[in-house]
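S.K.: This is the structure, below, for whatever I ask next.
The values are calculated or read from the model by the stated rules, or taken from the named source; none is laboratory data. Everything quoted here is computed from the prediction, not taken from an experiment. Because the Cβ atoms are built from the backbone with ideal geometry, glycine has one as well, and the counts that use them run over all protein chains shown. Each accessible area value is taken on the protein alone, full model and side chains, heavy atoms only, with ligands, DNA and RNA left out. Shrake-Rupley method; radii C 1.70, N 1.55, O 1.52, S 1.80 Å.
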Amino acid sequence: MNRIAAANPLFYQTSAETPMVAKAEGIYIWDEDGRKYIDGCSGAIICNIGHGDPGVLAAINEQAKSAFFTYRTQFENRPAVKLAQKLVDLSTPGLDRVFYVSGGSEAVESAIKLCRSYFCSKGEHGRHLIISRTPSYHGSTLGALALTAYAPLEIPYRPMLKASPKIPAPYCYRCHYQLTYPQCNLACAKALETAINEQGPENVAAFIAEPIGGASTGALVPPEDYFAVIRDICNRYGILLILDEVMTGFGRTGRLFAYEHWNLRPDIIALSKGMASGYYPLGAVMAGNELVESVLAGGGFPHGHTYAGNPMACAVGLAVLNRIVDDQLAENAAETGRQLLSGLRQLAGHYPIIGEVRGRGLLTALEFVADRESRAPFANSDQIFNLVTREAFSRGLIIYPRKSINGLAGDHVLIAPPLIISAAQVDEMLERLNETLAAVTRLLADKTIHPGNQHHRTDQSTHKGETQ
Ligand SMILES: Cc1ncc(COP(=O)(O)O)c(C=O)c1O
């Protein structure tokens with residue numbers, strides 16, 4: 001395999017070596033040794049429109065002829081205005097304004113600072129806390145990380161993070177309260193009200209959640225009525241509902257935005273990933289007129305990043321959004337997503353190591369268990385999430401691994417291919433998964449792996465190889 005030389009000065013999260021990429025097109029990637037891979041997780045669940053899209057490449061060439069970069073306080077640019085207008089037109093009422101950033105963590109940072117600025121502009125200076133969920137992922141910068149609950153990513157930085165209240169995510173497979181839906185009466189949603197009262201409502205600014213869970217929870221779809229309860233609590237206490245649509249936005253879950261599944265009206269959304277589908281760093285925050293006008297009238301929004309809203313980023317975003325809308329990629333995600341979920345459920349029928357199949361649209365996941373009956377996870381030392389991912393990679397299928405129980409135990413992989421995938425390609429992906437799971441099952445039988453529920457290790461050494 002053609003590998004980066006050991007003397008390579010580059011470093012990332014770990015010292016793991018990866019093949020050198022040669023080319024990427026559609027749902028496929030080739031390395032320099034000529035090996036072909038199915039991009040079964042769209043990179044980091046970002047390449048919604050697939051690789052090498054001719055329309056985006058043409059838009060890049062066209063924009064490069066006029067202005068690549070201009071700075072937003074000195075010049076407005078047409079792609080920025082056009083993209084903002086299109087986003088507003090395609091969004092639910094109440095998301096009337098757009099603030100550009102260059103990535104998901106920046107979008108979350110901007111959303112929480114926008115909340116704070118809003119309450120300051122209204123004279124409610126006490127409101128500074130953002131309540132979030134366990135597990136969750138909102139980004140790697142310190143503000144977004146403070147809202148994240150995934151222990152391996154947080155532990156080293158905890159002394160530097162603002163303490164933020166958390167409530168349990170609606171992780172029904174391993175309910176925090178050991179209850180069952182619907183008899184649980186949505187205890188996990190109602191925990192928001194308890195948390196607000198514990199903190200003092202006058203101190204709470206917002207609640208933030210991924211509408212359908214991403215990496216940390218493995219495509220966690222909440223119960224149908226979950227967000228109605230959350231919205232009602234937010235309304236009653238005058239706190240803002242921020243939806244982190246960084247992973248779920250732009251067609252990923254079978255609708256353009258995931259909030260559409262429940263006719264939900266968020267106050268603020270954070271966007272990135274599929275927004276430019278990997279062709280350029282781009283993200284945004286959307287909010288309502290009343291909120292934005294209050295902030296601007298109260299002295300403005302003292303926040304921003306250098307690359308935000310530059311002409312090239314927005315030209316790319318516009319071409320990507322046109323591709324998603326014109327070619328009905330959200331609809332294709334809904335349809336091929338149903339096929340994928342049904343195929344994954346069939347695999348679960350063959351492989352007892354699959355504890356649960358989750359997801360919606362083309363954001364899907366498999367959670368693995370050592371014992372299906374008790375739902376006991378594998379021992380951390382077995383590194384099942386990495387083992388499955390490695391075995392898939394060696395068979396030319398790229399998937400995305402994580403640990404399910406707050407990053408401390410349990411194993412899942414995300415399967416989230418580009419939204420352009422065809423029915424035949426879904427079958428091809430399922431066949432490679434089948435081969436992977438057969439191989440993993442054989443390896444486990446040889447090793448006689450035992451359930452790990454009594455031996456959860458919480459130290460960092462068990463998470464080597466995990467990336468964000
Ligand atoms: C839901 C969610 N929010 C925020 C982020 C952070 O995005 P970025 O890595 O672009 O900073 C991610 C990244 O995976 C994410 O999935």
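S.K.: Nothing charged except the Cβ atoms of Lys and Arg (+1) and of Asp and Glu (-1): what's the magnitude of the dipole of segment 55-326 about its Cα centre? Round to the nearest 20 debye. Working shown, then result.
M.R.: Working: 23 positive and 22 negative charges, 77 e Å.
Taking the Cα centre of segment 55-326 as origin, the dipole is about 380 debye.
S.K.: Lysines within cross-link reach of residue 447: Cα-Cα under 29 Å, excluding same-chain residues under 8 positions apart?
M.R.: Within the straight-line limit of under 29 Å, residue 447 reaches these lysines: 403, 464.
S.K.: Got a sec? Charge dipole of the chain, +1 on Cβ for Lys and Arg, -1 for Asp and Glu; which of 126, 216, 288 is way out at the positive end?
M.R.: 126
S.K.: Taking H placed 1.01 Å from N in the peptide plane, check which residues at least 5 places from residue 354 or on another chain put their amide H under 5 Å from its amide H.
M.R.: 369
S.K.: Another question about this same structure. With a cut-off of 8 Å between alpha carbons and a minimum separation of six or more residues, what is the relative contact order of segment 55-326 in percent?
M.R.: On the way: 487 pairs, mean separation 85.4, N = 272.
Taking the mean separation of contacting Cα pairs over the length of segment 55-326, I get 31 percent.
S.K.: Could you work out the Kirkwood radius for the chain, taking every pair of different alpha carbons, averaging 1/r and inverting it, reported in Å?
M.R.: 22.8 Å
S.K.: Moving on. Going from most exposed to least, what order do 181, 280, 150, 351 have by accessible area with a 1.4 Å probe?
M.R.: I get 181, 280, 351, 150, largest accessible area first.
S.K.: Under the rule of at least 5 residues apart or a separate chain, name every residue whose amide H is placed under 5 Å from the amide H of residue 400.
M.R.: Those qualifying (amide H under 5 Å, at least 5 residues apart or on another chain) are 414.
S.K.: Cut-off under 21 Å on the C-alpha distance; same-chain residues fewer than 8 positions from residue 65 excluded. Which lysines are left, in chain and number order?
M.R.: Result set, ordered by chain and number: 82.
S.K.: So what is the relative contact order for segment 296-399, in percent, with contacts set as C-alpha pairs under 8 Å and at least six apart?
M.R.: 14 percent
S.K.: If you build the Cα gyration tensor of segment 55-326 and take the root of 5 times each eigenvalue, what three semi-axes come out, in whole angstrom, biggest first?
M.R.: 31, 21, 17
S.K.: Counting only other residues whose beta carbon sits under 10 Å from that of residue 261, what net charge do I get with K and R as +1, D and E as -1?
M.R.: Numbers: positive: 255, 360; negative: 224, 260.
Its environment carries a net charge of 0.
S.K.: Relative contact order of the chain: what whole-number percent is it, with Cα pairs under 8 angstrom and at least 6 residues apart?
M.R.: Normalised by residue count, the contact order of the chain is 21 percent.
S.K.: Then there's this: Cross-link partners among lysines for residue 190, C-alpha distance below 25 Å, same-chain residues fewer than 8 apart left out?
M.R.: Hits, sequence-local ones excluded: 162, 166.
S.K.: On the protein heavy atoms, probe 1.4 angstrom, tell me the percent of accessible surface of the chain carried by carbon and sulfur.
M.R.: That share works out to 53 percent.
S.K.: Next question, about the same structure. Which order do the peptides 253-261, 406-414 take when ranked by the mean count of other beta-carbon atoms within 10 Å per residue, highest first?
M.R.: Sorting 253-261, 406-414 by mean packing, highest first, produces 406-414, 253-261.
S.K.: How much accessible area per residue does the chain have, in Å², with a 1.4 Å probe?
M.R.: Heavy-atom SASA per residue in the chain reads 42 Å².
S.K.: Let me ask something additional. Express in % the proportion of alpha carbon pairs of segment 108-241 at distances exceeding 23 Å.
M.R.: I get 31 percent for the Cα pairs in segment 108-241 exceeding 23 Å.
S.K.: Follow-up question, since we're still on this one. Short version: ³J(HN,Hα) in whole Hz for each residue of segment 253-269, in order, from phi by Karplus 6.51 cos²θ - 1.76 cosθ + 1.60 (θ = phi - 60°), x for Gly and Pro, what are they?
M.R.: After applying 6.51 cos²θ - 1.76 cosθ + 1.60, I find 9, x, 10, 4, 10, 5, 4, 5, 4, 10, 6, 7, 10, x, 7, 9, 10 Hz.
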